[in-house]
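Read-outs throughout are calculated quantities, based only on the coordinates presented, and are distinct from any laboratory measurement. Quick caveat, the model's predicted, so the values are computed rather than measured. Quick reminder, even Gly has a Cβ in these numbers, built from the backbone with ideal geometry, and neighbours come from all protein chains shown.
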Amino acid sequence: MVRIAAKILLSVIFIAMIVAGATLRRHNVSGKKVTDVGAIAEIVNGICLS
Amino acid sequence: MRAMVRWLGRRRNVQIASLLAMNSFFLQSLRVVCVPAMNCYMCPLSVFACPIGVMVQMSTVVAVPLLALGIVGLVAAGAGRFACGWICPFGLMQEWIYKLRAPKLSLPKALRFARYAVLAVFVFAVPLYYQAKEHPLYFCSWCPVGTLEAAIPDGLAKAGMGLKPVAAFLNASPAQFRMAVDAFSVGPMMWVKWGLLAVVLLSAAMVKRPFCRAICPLGALFSLFGRFSWLQLKVNRERCRACNACKKVCPVDLEPSTEAGSAECITCLDCWTELKCGGIKPSV
């Protein structure tokens, strides 16, 4: 029972991390706040995050 | 439909399909999504972003890479190191190299813990400390996957002087290839990069998946997050005859009868699909 609860909790935490990463504007790129998705796009294009 | 299900059930087919899908070049708008496998986003053909590359870059600005960690964690929580065994292109390559005729050796067990050190030091600690865009000690600076998938095609493209990277890769003459090697041999980490790639590729002919077992920081993350994964391998003690046939088919040289579901198990399910004894079975 404890193991199943741990599995459910972990899965929920990781889903929450994905949702937060995709929606929260946390990174500053060229004076603009972007989400993780935007930040990854900049990383892939070789632009520095700040 | 049944034929398709059977085709998808074959691990090698899935590995080849994912290799092609991750490097299909035409869907590059998907590069904002991390794929849970070692596939360098600097590769000219790459479609997705490498989660380790993203983590290194985000560590340089002291940001928690929520999306990358979440994707890796969710895959690990679902099926442990399933992605290592089924979709990682570099794992597939090492398995192919291991088929070459060469003396076969086993990896010292202590090296299993090296990948955790690589993850902690070169993916998080060093980028957090230096906070520069590039540094020779960052994992991406010497990652053998990056050297193979990005440094070589990029060097070829530079040598081709105007040729598109893909065309350069396909059409490079020996002279152009030498120029490419020269073009990419400039830099503080050149010997480390080329040497490590050579060591990994050569040792892959003698040791089963050496990079995955001793170096891969993504595998270390999968092992950490996959501790309580939904998919687990269980040993049926009544059916297991301890014949060790499963050790022969295991692509990471484990003894599944005693180590199934351990942090080193890549959940390839070969010990279940290749053997008919029923001693090991996946359970959810």
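Some notes on this structure:
- Residues listed by number, segment B:247-263, amide nitrogen under 18 Å from residue B:236 label point at 7 Å toward C-beta: B:247, B:256-261
- Other protein chain Cβ atoms within 10 Å, averaged over every residue that makes up B:54-61: 4
- Unit charges at the beta carbon, dipole of the protein assembly as shown: most positive-side option, A:10, B:48, B:152: A:10
- Here the calculated FRET efficiency for residue A:12 and residue B:198, from their Cβ-Cβ distance with R0 = 45 Å, stands at 0.55, rounded to the nearest 0.05.
- Between amide H atoms placed 1.01 Å from N, distances below 5 Å from residue A:27 occur with A:34, all of them 5 or more places distant or on a separate chain.
- Karplus-derived 3J(HN,Hα), 6.51/-1.76/1.60, for each residue of segment B:92-105, Hz, glycine and proline x: 4, 4, 5, 5, 5, 5, 5, 6, 5, 6, 6, x, 9, 10
- Shape category assigned to segment B:189-275 from the gyration tensor of Cα positions, a/c cut at 1.5: oblate
- For residue B:268, no residue whose modelled amide H falls within less than 5 Å of its own remains once neighbours fewer than 5 places apart on the same chain are excluded.
- Positive dipole terminus of segment B:58-152, leading residue within B:86, B:143, B:126 (C-beta point charges): B:86
- Given charges at beta-carbon only (K, R positive; D, E negative), |dipole| of the protein assembly as shown in Debye: 1020
- Shape call, chain B: gyration tensor on alpha carbons, a/c limit 1.5: prolate
- The relative contact order of segment A:2-44 comes to 25 percent, based on Cα pairs under 8 Å that sit 6 or more residues apart.
- Nearest-20 debye value, chain B charge dipole, Cβ charges on Lys, Arg, Asp, Glu: 980
- Zone residues, segment B:229-259, relative to residue B:106, backbone N less than 16 Å from point 7 Å out along Cα-to-Cβ: B:242-259
- Under the criterion of Cα pairs below 8 Å and six or more residues apart, the relative contact order for chain B equals 22 percent.
- In terms of its C-alpha gyration tensor, the protein assembly as shown has an oblate overall shape, because the principal axis ratio a/c (a ≥ b ≥ c, square roots of the eigenvalues) is not below 1.5 and a/b does not outweigh b/c.
- Take each residue in A:9-17, count the other chain C-beta atoms within 10 Å of its C-beta, and the mean is 6.
- When the Cα positions of B:205, B:233, B:279 are compared along the charge dipole of segment B:190-284, B:279 comes out farthest toward the positive end, with charges on each C-beta of Lys, Arg, Asp and Glu.
- Counting 0.36 nm for each residue step from residue B:277 to residue B:121 and taking away their Cα separation leaves a gain of 51.9 nm.
- Debye, to nearest 20: dipole size of segment B:1-113, +1 on Lys, Arg Cβ, -1 on Asp, Glu Cβ: 640
- Here the 3J(HN,Hα) profile of segment B:207-213, calculated from phi with Karplus coefficients 6.51, -1.76 and 1.60 at θ = phi - 60°, is 10, 5, 6, x, 5, 4, 8 Hz, Gly and Pro shown as x.
- Between B:45, B:218, B:66, the GNM of chain B built on Cα springs shorter than 10 angstrom shows B:66 fluctuating the most.
- Computed FRET value (nearest 0.05) for residue B:132 with residue B:26, which takes r as the C-beta separation and R₀ as 25 Å: 0.15
- Karplus 3J(HN,Hα) series, Hz, for segment B:106-112 with 6.51 cos²θ - 1.76 cosθ + 1.60 (x for Gly, Pro): 10, 7, x, 4, 5, 5, 4
- Maximal additional length on extending the residue B:33-residue B:262 stretch stands at 79.6 nm, based on 0.36 nm per residue less the C-alpha distance.
- GNM flexibility winner over chain B from B:118, B:64, B:54 (Cα, springs under 10 Å): B:64
- Net charge over other residues, Cβ less than 12 angstrom from the Cβ of residue B:84 (K, R count +1; D, E count -1): +3
- Gaussian network model of chain B, springs between alpha carbon atoms under 10 Å - residue of B:81, B:209, B:101 with greatest fluctuation: B:101
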